[in-house]
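Accompanying notes for the structure given below.
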Amino acid sequence: MTPRQDWPTARLWGIRIGLALAGVAMALLGSCLVALGAVDLAVLAGAAGTPGTLEVAECGERHAVRGNAYEWCAGRFVPDGGGTADDDAEVNVDGARAGDLLAVRRTPVGDHLLPGPEAVGEILVMALAGTVGGIVPGARAVRRAVRVGFQDQWLPYREREEAEGAAA
């Protein structure tokens, strides 16, 4: 008869710890996406950031993943209330031409956002992706790792008690 282990093996503990760490990493990544979305929404709502005008110097097209293209314009950003101008400002926009003036907002990290429904939709999608793709699965992975570890830890004792009860 082989000796029976009362505690889970090191391999199972390694799997549980790995699952818990992966869950924490996913939840942190999702939280970062949600936080970035919240900051950008605050900028668009006027609660944060610097309002100003972007004088378009040039526009172009960039190709993103899977062949999707988007238009961008670059130029000089001048804050409305005075302050430091930004000569290398860029913003994603459709249909602008060189010489146009665009009302944009500079974020606390230095990006520039063009207010509008497209920007709000993109930010909400980013926040939703962070929640659904990161926080929820991450929390479920951590919960499962803890729950499975607890159940496996006490399972041999339950089996032994049942066997002793059946023998008596």
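Only loop residues by DSSP count here, and only those with at most 11 other Cβ atoms within 10 Å; note down the trypsin sites (Lys or Arg not before Pro) in the stretch 21-104 that meet that. Counting only loop positions with at most 11 other Cβ atoms within 10 Å, the trypsin sites (Lys or Arg not before Pro) in the stretch 21-104 are 97. Between residue 69 and residue 36, the contour length at 0.36 nm per residue exceeds the alpha carbon distance by 9.6 nm. Shown is the FRET efficiency for residue 80 and residue 146, computed with R0 = 35 Å from the Cβ-Cβ distance and rounded to the nearest 0.05: 0.10.
Ordered from highest to lowest accessible area with the whole protein assembly present and a 1.4 Å probe, 50, 84 read as 84, 50.
Tally Lys/Arg at +1 and Asp/Glu at -1 over every other residue whose Cβ is under 11 Å from the Cβ of residue 137; what's the total? After counting each charged neighbour, the total is +3.
Fully extending the segment from residue 97 to residue 21 would add 22.5 nm, taking 0.36 nm per residue of separation and subtracting the current Cα-Cα distance.
The values are calculated or read from the model by the stated rules, or taken from the named source; none is laboratory data. Keep in mind that this is a model prediction, so the values were computed, not measured. Please note: Cβ atoms are built from the backbone with ideal geometry, for glycine as well, and neighbour counts cover all protein chains shown. The protein model used for the area step is the full one, side chains on, heavy atoms only, and it has no ligands, DNA or RNA in it. Shrake-Rupley method; radii C 1.70, N 1.55, O 1.52, S 1.80 Å.
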